[in-house]
Amino acid sequence: MEQKEYKIALLIDSENVSHSVIKPVMNEIAKYGKIVIARFYGNIEKLSSEWHHTALNFAIKPMHQYYVASAKNAADMAMALDAQEMMYQEKVNTFFLVTSDSDFTPLAVKLKEGGMHVIGVGNEKKVTQAFKSACNEFKYFEYLQDEDENNGSHQAIEQVIKDIIIENGSKNQMALS
């Protein structure tokens with residue numbers, strides 16, 4: 001059976017997501033295919049310099065939305081409209097919706113109805129069952145691994161084992177018993 005090639009649109013609700021989860025999200029996306037479109041939505045002026053730096057490093061295009069009124073969802077609306085436009089243009093076949101905001105549930109449903117593969121990524125404690133169910137797959141920030149972090153932990157474990165052998169063995173060897 002031939003594996004489907006995923007052409008991915010990465011859409012990030014930057015007002016709902018920390019910059020610190022972007023690298024692990026990008027590592028996860030790499031397992032699926034190539035990113036065709038990468039955008040983050042929000043009032044860019046209100047985001048931290050770390051957010052700007054992260055977006056620049058991963059070539060994620062900012063989609064600035066001013067706050068037109070307090071407690072309104074201008075950025076969410078822009079993200080939803082862009083997603084539908086992308087679906088109809090047929091440039092992508094997979095959407096990574098990076099948010100814990102359940103307001104994106106109707107968008108996920110609409111994208112699935114349009115034949116798109118929808119992968120949600122959010123905070124396990126904040127995301128609703130409805131949003132998770134609306135996606136084909138759902139990933140939690142808490143379980144995504146930063147590959148550098150993972151390699152670092154393997155190296156740390158290896159060093160601990162070497163230290164135990166050196167401290168307790170002779171000639172850099174130790175009896176297994």
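The values are calculated or read from the model by the stated rules, or taken from the named source; none is laboratory data. If you're wondering where the values come from, they're calculated on a predicted model, not measured in any experiment. FYI the Cβ positions are ideal-geometry reconstructions off the backbone, even for glycines, and counts take in every protein chain you see. These area figures cover heavy atoms from the full protein model, side chains too; ligands, DNA and RNA do not enter into them. Shrake-Rupley method; radii C 1.70, N 1.55, O 1.52, S 1.80 Å.
Relative contact order of the stretch 1-73: 34 percent, from C-alpha pairs under 8 Å at least 6 residues apart in sequence. If I take all pairs of Cα atoms in the stretch 1-95, what percentage of them are more than 22 Å from each other? Value for the stretch 1-95 (Cα pairs over 22 Å): 31 percent.
Across the stretch 83-130, counting alpha-carbon atoms alone, Rg and Dmax equal 10.9, 34 Å.
In the stretch 1-45, how does Rg compare with the Kirkwood Rh, expressed as the Rg/Rh ratio over alpha carbon atoms? Intermediate results must be reported in sequence, preceding the final value.
Working: Rg = 12.6 Å, Rh = 11.8 Å.
Radius of gyration over Kirkwood radius for the stretch 1-45 works out to 1.07.
Normalised by residue count, the stretch 45-85 yields a Cα convex hull volume of 75 Å³ per residue.
Using a 1.4 Å probe over the heavy atoms of the protein chains, calculate the carbon and sulfur portion of the accessible area of the stretch 22-112 as a whole percent.
Numbers: 2540 of 4720 Å².
Of all accessible area on the stretch 22-112, carbon and sulfur atoms account for 54 percent.
Taking 20 °C and 1.002 mPa s as conditions, the stretch 104-145 diffuses translationally at an estimated 206 µm²/s according to Stokes-Einstein applied to its Kirkwood radius (Cα pairs).
For Ser18 and Asn136, FRET efficiency with R0 = 30 Å and r from the beta-carbon atoms, rounded to 0.05? Could you put the intermediate results ahead of the total?
Details: r = 24 Å, r/R0 = 0.81.
The value I calculate is 0.80.
Normalising the Debye intensity of the stretch 44-129 to I(0), with uniform scatterers on Cα atoms only, and taking log10 at q = 0.15, 0.26, 0.27 Å⁻¹ returns -0.67, -1.37, -1.37.
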